[in-house]
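Written out below as structure tokens is the structure these notes cover.
Just so it is clear, none of the values below were taken in a lab; they were calculated from the coordinates. Fair warning: this is a prediction, and the values are worked out from it, not measured in the lab. Methodologically, a virtual Cβ is constructed for each residue, glycine included, from the backbone with ideal geometry; neighbour enumeration extends over all protein chains shown.
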Amino acid sequence: MSTRKALCVIFSLSMFLGLCLVATIKSAPTDAEMVSQQTQEEVDLKEWNNQIRREKFDIVLPLAMRKNNVDMWIHVMRIAIPDDFGAQELGSTSGVFVFTDRGSDRIERAVLGRRWGATHRGGDEEDYKLVEECGAYDIIDKAIVVKEPLASPMTEYDFRFKGLREFVEARDPKRIAVNFMLNLGPWETYTDFGGARDGLSYTDYLLLTEELGDKYASRLVSSEYVIMDYIINKVPSEIELLKKMRRDDVKRVKKAFSEIVPGETKRRDARLTVFRRTKTGESQRGRSNGFGSDKIERGDIVASPSQGLYAYVLREGETEPAQEIKKLWAEYLKIDKILAETIKARLTPREIMKNCKLKFENAGIIVRDDQLHMVVPKNNFPVYSAGYDPEKTHLSIDCHGMMKGARERPEENYLGPRISSYGPTWTWDIPLPPNHHFVLEYFFYMPSPGPEGKDQYLFWWDHEQAIATENGVEYLSPPQKELYLIK
């Protein structure tokens with residue numbers, strides 16, 4: 001090749017590589033661009049949550065109030081008493097929120113009373129600004145700066161509900177719901193009942209009744225059923241956001257599966273649940289933080305039950321799962337299919353459980369309606385199966401509600417229908433609302449005799465979010481059909 005031609009080739013190649021380098025630099029996001037993208041995502045999520053609030057006020061609020069024969073709903077909040085329902089669904093942690101049914105299609109929404117803004121030392125202003133910016137409220141009293149008052153005979157109690165009587169008198173409600181619990185009580189050790197807790201303090205109740213006077217104080221009732229109906233009825237924007245979040249989640253503890261190195265990856269780092277058969281042939285289950293720094297080993301089933309994602313770590317020499325693992329996976333698919341076809345909106349949990357038991361009985365699966373597996377050691381299958389056929393799979397169901405509403409992440413919700421043998425029995429007789437957001441949760445124990453021939457089992461747990469429709473269960477993302485394999 002001539003020198004001239006060689007120089008031309010080198011020049012052309014240099015130009016090409018230079019352009020590629022420029023393109024690469026341009027395509028790689030800078031730190032500023034990444035921060036900007038994250039900020040935009042936060043803005044988008046905030047607006048999405050505001051859209052959920054507006055839709056729930058337009059669609060669900062009239063339904064919840066009218067179903068329970070309530071024409072005014074007062075929700076009292078103070079920062080000192082945590083109230084997740086108020087903070088997430090209504091948009092604040094302080095103030096007196098008053099919803100009035102004045103006969104039109106739209107419920108009037110007002111934020112009154114002592115609503116705290118920023119402190120005199122600075123503080124977070126986002127809380128009080130949210131109700132002003134979300135576009136969901138008609139009447140909003142000015143927020144008050146938190147500061148120590150000058151000496152005065154007046155105390156906080158003199159101001160907390162000031163002006164509320166005139167507001168109520170002008171609307172003359174016949175039945176006023178207030179946030180305190182009476183009938184839908186939690187079990188003894190439960191502290192956060194559907195985000196509503198027990199409600200306003202006794203001091204608040206006395207101050208409220210004093211402000212309203214005898215006429216309207218005599219019309220107060222618990223808002224527990226209103227709150228429950230508000231939470232469990234979903235709007236289109238909620239379902240859409242849930243599906244988007246699920247797609248993002250599935251992309252992520254799939255990425256976690258692909259990064260597992262057997263014998264090296266720690267369970268805690270992978271943030272996965274592990275089902276493992278021990279050397280004695282027994283099975284145990286635990287969350288990642290329950291096993292400390294233990295590593296994921298070959299022969300483990302690793303899972304993200306909340307996303308309905310499961311993988312098997314192949315043993316040395318295996319190209320497919322062992323027969324017992326295949327049988328376990330087939331049992332999971334069978335159970336999931338029966339539940340997906342049987343759980344339907346507008347049926348009560350009691351009706352659904354009756355239908356489920358019949359179908360599972362025909363499939364050779366025992367539905368346990370007791371809580372024995374919570375107290376019996378997980379490696380003592382003979383005790384757990386006492387009185388039942390130890391050669392059949394034992395299933396325990398706990399399909400309870402999820403609470404999304406206007407919040408970043410769904411949370412478990414036991415305030416509403418519950419397809420389960422747990423919790424108070426009143427949860428069994430509340431029909432599932434259309435598009436009921438719940439968790440398809442169940443445990444099952446499949447017999448799997450060990451080398452010594454003793455009664456043993458393999459354990460499985462599913463905890464996947466889903467939607468109950470009148471035709472059955474709708475998954476937030478396509479359900480997994482094949483067990484993922486990790487080499």
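What is the extension gain from Lys354 to Lys142, computed as 0.36 nm multiplied by their sequence separation minus the C-alpha to C-alpha distance, in nm to one decimal?
Taking Lys354 through Lys142 to full extension adds about 71.0 nm, to one decimal.
Could you please report the charge total around Asp204, scoring K, R as +1 and D, E as -1 over all other residues with beta-carbon less than 10 angstrom from its beta-carbon?
+2
May I ask you to compute the full-extension gain from Val43 to Lys255, defined as 0.36 nm times their residue separation minus their alpha-carbon distance, rounded to one decimal in nm?
Net length gain for the segment: 73.7 nm.
All other residues with a Cβ under 14 Å from the Cβ of Pro236 taken together, and with Lys, Arg as +1 and Asp, Glu as -1, what is their net charge?
Net local charge, Pro236 excluded: +2.
Please give the length that would be gained between Ser104 and Glu240 if that part of the chain were fully extended, namely 0.36 nm times their separation in residues minus their C-alpha to C-alpha distance (nm, one decimal).
46.1 nm
Give me the one-decimal nm value for the distance between modelled label points at Glu166 and Glu470, 7 Å along each residue's Cα-to-Cβ direction.
In this crude label model, Glu166 to Glu470 measures out at 4.9 nm.
Nearest 0.05, what FRET efficiency do Tyr157 and Arg268 give at R0 = 56 Å with Cβ-Cβ as r?
0.70
Give me the lysines in straight-line cross-link reach of Lys162: C-alpha distance below 26 Å, same-chain residues under 8 apart excluded.
Here the lysines satisfying the reach criterion relative to Lys162 are Lys129, Lys142, Lys147, Lys174, Lys215.
Could you list, in their original order, any pairs among Lys327/Lys404; Lys326/Lys359; Lys295/Lys326; Lys243/Lys337; Lys244/Lys344; Lys56/Lys481 whose Cα atoms are separated by more than 32 Å?
Lys327/Lys404; Lys56/Lys481
Find out how many positive minus negative residues lie around Gly317, taking Lys and Arg as positive, Asp and Glu as negative, among other residues whose Cβ is under 12 Å from that of Gly317.
Neighbourhood net charge equals 0.
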